[in-house]
Amino acid sequence: AYAHGGTPTWDIGRPQAAVLRLLEAGAFGPPDARVLDVGCGTGEHAFLLAGRGHRVVGVDLAGEAIGRATAKAEAQGLAADFLVHDALDLAALERTFDVVLDVGLFHTFGDEERARYAASLAAAVRPGGRAFILCWSDRNPFGLGPRRVEILLRSERLLQEDHARQLVEFGLAR
């Protein structure tokens with residue numbers, strides 16, 4: 001998607017509004033919290049969080065995206081690390097984070113990869129930490145796009161009741 005200097009449709013050049021709402025609500029913790037941006041692309045969310053004092057690492061499998069993110073971070077004078085890395089093996093980073101953010105990666109995986117990704121996320125989030133996954137839901141009105149993800153707020157196996165309330169409060173689910 002980044003070949004020949006192109007820009008993929010999902011790279012909108014600014015942070016998603018939902019991430020801004022999470023940040024304003026304090027969902028990323030104190031300014032020095034360790035945040036992993038999985039599938040970071042060219043780094044817009046990482047820049048937002050680093051600019052607020054968070055210690056951010058962005059990972060993406062696309063080397064061109066990581067190159068662009070690194071160059072933009074240097075140009076903006078922001079302290080964020082960017083690595084070419086497989087999201088299905090976050091344990092290989094050999095560190096944990098207070099918060100993990102995924103904007104638009106989860107919904108690209110098939111069922112088997114989703115299970116692997118969930119395990120990978122679990123390895124990257126410190127005990128008591130948080131993971132925020134923003135993806136195309138089955139309630140999205142647009143006809144085109146990646147495979148939809150069903151929102152299962154009633155399942156206590158997937159979301160504890162207070163986490164479900166937080167998702168609703170932040171406008172990420174109904």
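With respect to being in contact (Cβ under 8 Å) with a residue 24 or more places away in the chain and over 28 Å from Pro127 (Cβ atoms), Thr42 fits the description. Among the criteria (1) under 28 Å from Ala115 (Cβ atoms); (2) of a type in the set (Gly, Ala, Ser); (3) open to solvent by 20 Å² or more (accessible area, probe 1.4 Å); (4) within 15 Å of the chain's Cα centre (by Cα), the one Ala46 does not fulfil is (3). Just to check your reading of the model, which residue among Ala75, Ala71 is without any contact (Cβ under 8 Å) to a residue 12 or more places away in the chain, more than 26 Å from Glu24 (Cα to Cα), open to solvent by 40 Å² or more (accessible area, probe 1.4 Å) and of a type outside the set (S, T, N, Q)? Every option except Ala71 fails the conditions. Note on the stretch 29-47: residues that are small (Gly, Ala, Ser) and closer than 17 Å to Ala91 by Cβ total 1.
Take Asp111 and tell me if it is over 19 Å from Ala69 (Cβ atoms), more than 14 Å from the chain's Cα centre (by Cα) and touching a residue at least 24 places away in the same chain (Cβ under 8 Å). Taking the combined requirement at face value, the residue does not satisfy it. Here the strands (runs of 3 or more DSSP E) wholly within the stretch 1-112 that include at least 1 residues being at pLDDT 95 or above and touching a Ser or Thr at 6+ places or on another chain (Cβ under 6 Å) are 80-84. Any residue at all in the stretch 118-125 that is at pLDDT below 95, touching a Cys at 6+ places or on another chain (Cβ under 6 Å), outside any strand (DSSP E or B) and farther than 22 Å from Pro30 by Cα? Checked the stretch 118-125: no residue is at pLDDT below 95, touching a Cys at 6+ places or on another chain (Cβ under 6 Å), outside any strand (DSSP E or B) and farther than 22 Å from Pro30 by Cα.
The values are calculated or read from the model by the stated rules, or taken from the named source; none is laboratory data. Small disclaimer: the values here were computed from a predicted structure and weren't measured. All Cβ positions, glycine included, derive from the backbone under ideal geometry; neighbour counts span all protein chains shown. For the accessible areas, the whole protein counts, side chains as well, though only heavy atoms, and no ligand, DNA or RNA atoms are used. Shrake-Rupley method; radii C 1.70, N 1.55, O 1.52, S 1.80 Å.
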